[in-house]
1. Residues of the stretch 66-84 being in contact with a helix residue (DSSP H, G or I) (Cβ under 6 Å, 6 or more places away or on another chain) and modelled with pLDDT of 95 or more, which ones?
2. List pairs: first in the stretch 186-214 and part of a strand (DSSP E or B), second β-branched (Val, Ile, Thr) and open to solvent by 60 Å² or more (accessible area, probe 1.4 Å), Cβ under 9 Å, 6+ apart or cross-chain?
3. Looking only at the stretch 89-113, count how many residues are at pLDDT 95 or above and farther than 13 Å from Val132 by Cα.
4. Could you tell me how many of the residues in the stretch 187-214 are surrounded by 20 or more Cβ atoms within 10 Å (Cβ to Cβ) and touching a Phe, Trp or Tyr at 6+ places or on another chain (Cβ under 6 Å)?
5. Restricted to the stretch 119-145, and to residues that are farther than 25 Å from Gly205 by Cα and open to solvent by 70 Å² or more (accessible area, probe 1.4 Å), which residue is farthest from the chain's Cα centre (by Cα)?
Amino acid sequence: MFDTVAKRYDLTNDLMTAGIQRSWRRSMVAAVDPQRGDLVLDLAAGTGCSSEPFAAHGATAVPCDFSVGMLQQGRKDRPGLPFVAGDGTRLPFLDDTFDAVTISYGLRNFVDPVKGLREMLRVTRPGGRLVVCEFSTPTNGAFRSLYMDGFMRALPRIASVTASASDAYVYLAESILAWPDQAGLADLVAEAGWKRPEWRNLTGGIVALHRATA
C-alpha cells in the first residue's frame with residue numbers, strides 16, 4: 001500500500017495538513033534534541049523527509065522503513081541519507097546502538113506496537129531517548145467531534161486530488177480513529193519497558209509527541 005503512494009507522499013501530506021506538519025516536524029526535532037555525533041534511528045521514515053533535520057543538526061540519521069517503494073523514492077530524493085529496509089518488530093541492528101530512536105506517524109502501522117516499542121528499546125543505548133510523533137485525540141470536545149466526524153471522513157476525497165492511491169488514505173483515517181489516546185499510548189510505551197513516558201499535545205491534540213528514556 002505504501003509503495004503505491006511513495007512518489008507523491010510528501011506533497012500529499014503537506015497539502016492535507018495545510019503545511020502544519022512542518023511545525024510538527026520542528027517540534028519533533030526539538031524533542032529529540034539531536035547533538036553533533038549522535039546516532040539517530042528514524043523508523044517508518046518513508047522517503048526520509050523526517051530524517052533530514054537530524055542530519056542538519058550534525059547527527060547521523062538512519063532512515064529505516066518496511067516499504068521498499070518508499071525507500072526507493074527516498075534514495076532518489078535524498079541520496080545522501082543511509083536508507084535501510086527493516087521490519088520495526090525485528091530491527092536489523094545490534095543492541096544498544098542508537099542515542100535516540102524516533103518514529104513519526106508510523107507506530108499505528110505496526111501489527112504489534114508494544115513489540116515494536118520493545119525493539120526500539122533494545123537498539124537504544126542506556127539513557128537514550130525515544131520520541132514518538134503520532135496522530136492522537138483532540139482535547140476539546142467540539143473540535144474533536146468536528147475533526148473525527150468531519151475531516152476524517154473527508155480525508156480520502158482530499159487525498160484523491162494528489163495521491164496515486166486514495167485507498168491508502170481510507171486506511172489512514174480508519175487507523176487514526178482506532179488508535180489509543182494520549183494516555184493510552186503512554187501506557188503502551190511504559191508496558192514496553194521505557195522509563196518516564198510523557199507527552200505534549202500539538203495543534204490541540206491532533207498530534208501528540210510522546211517521550212521516554214531507555
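1. Answer for the stretch 66-84, where residues must be in contact with a helix residue (DSSP H, G or I) (Cβ under 6 Å, 6 or more places away or on another chain) and modelled with pLDDT of 95 or more: just Phe83.
2. Asn201/Thr139; Leu202/Ile20; Val207/Ile20
3. Looking only at that region, the number is 12.
4. 4
5. Only one residue fits best here, namely Pro126.
The values are calculated or read from the model by the stated rules, or taken from the named source; none is laboratory data. Since we're looking at a predicted model, the values are computed, not measured. Glycine also receives a Cβ, built like all others from the backbone with ideal geometry; neighbour counts cover every protein chain displayed. The protein model used for the area step is the full one, side chains on, heavy atoms only, and it has no ligands, DNA or RNA in it. Shrake-Rupley method; radii C 1.70, N 1.55, O 1.52, S 1.80 Å.
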